[in-house]
């Protein structure tokens with residue numbers, strides 16, 4: 001997972017763009033961003049010059065700060081084109097509006113960068129960031145990445161949430177008792193580089209969204225487990241009045257990554273708060289490189 005040097009903001013050229021641009025401006029200020037590129041994937045018949053001027057006017061009205069900004073109009077399949085774009089410019093984060101639930105879930109799983117999903121009309125503020133973690137390296141990276149953002153404004157509170165569940169013991173911890181998991185969480189927070197930011201630990205037992213699996217709690221399908229854990233994360237965010245949720249896309253093991261992928265997808269589908277979905281340090285650019293070819297880009301991709 002990278003920092004915040006380069007952001008991409010996917011605009012729909014609709015009413016929700018103003019709040020999305022304003023939120024991007026806030027994140028850019030917190031993260032010390034150097035460059036922000038605003039991209040719109042248009043219909044092939046759209047007048048690119050006209051759309052670009054509309055984008056520039058919106059950006060000028062809503063974006064502030066020292067980061068350099070560019071506006072680009074793209075054409076082609078939406079997801080493929082955005083993936084090619086963020087790969088070409090080595091974006092650290094792409095921001096999209098929350099009406100694109102399927103797009104957000106897809107990008108969270110396959111994009112070579114982190115993803116932010118911002119509800120349309122959501123105010124550009126961040127006062128309490130809740131970071132959903134297990135005890136994996138990926139979750140540790142997300143914890144470090146999220147607190148690096150909070151370090152840009154010391155008034156931002158941070159809470160690390162761990163959801164305790166027997167079904168996902170392999171994903172969340174080898175320890176099953178609450179005291180043991182609390183101690184494991186304390187150690188996980190203590191060993192992370194928190195950039196001098198205070199992080200409050202929070203433990204929660206998983207809450208079920210249905211009666212499925214109550215009498216036989218083990219070996220539930222990942223989709224059911226994911227729905228329950230996502231439901232718990234969203235409920236805990238409401239309970240502690242967090243106004244943004246950060247989480248990862250990978251867990252402790254192969255089976256765990258399937259579950260956590262389901263959790264991330266369910267959270268994206270249901271959240272009414274901004275989401276920051278972090279990618280593990282060193283995430284592969286392979287998918288993006290393939291899609292660059294599919295989208296018709298020439299060789300010469302920048303690499304780190």
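The values are calculated or read from the model by the stated rules, or taken from the named source; none is laboratory data. Since the structure is predicted, the reported quantities are computational estimates derived from the model, not experimental observations. For neighbour counting, all protein chains shown are included, and Cβ atoms are generated from backbone atoms with ideal geometry for every residue, glycine included.
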* Structure fact -> Reported set for segment 56-82 where residues are part of a helix (DSSP H, G or I) and closer than 25 Å to residue 148 by Cα is 62
* Matching strands (runs of 3 or more DSSP E) fully within segment 89-168 where at least 1 residues are outside the structural domain of residue 28 (by TED's automatic domain parsing) and either modelled with pLDDT of 95 or more or in contact with a strand residue (DSSP E or B) (Cβ under 6 Å, 6 or more places away or on another chain) (or both) -> 128-132, 157-164
* Only one residue in 97, 104, 65 is surrounded by fewer than 22 Cβ atoms within 10 Å (Cβ to Cβ) and within 23 Å of residue 129 (Cα to Cα), so which one is that? -> 65
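Checking the conditions here, which among 22, 42 is at pLDDT 90 or above and either surrounded by fewer than 20 Cβ atoms within 10 Å (Cβ to Cβ) or farther than 15 Å from residue 114 by Cα (or both)?
Matching residue, one of 22, 42: 22.
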* Check residue 225 against each of (1) modelled with pLDDT of 50 or more; (2) within 21 Å of residue 112 (Cα to Cα) and name the one condition it does not meet. => (2)
* To do: Sort out which residues of segment 183-205 are in contact (Cβ under 8 Å) with a residue 24 or more places away in the chain, over 13 Å from residue 132 (Cβ atoms) and out of contact with any strand residue (DSSP E or B) (no Cβ under 6 Å at 6 or more places or on another chain), and write them in order of number.
  => 184, 191, 192, 193, 194, 195, 196, 198
* In segment 47-56, is there at least one residue being surrounded by fewer than 17 Cβ atoms within 10 Å (Cβ to Cβ) and touching a helix residue (DSSP H, G or I) at 6+ places or on another chain (Cβ under 6 Å)? -> no
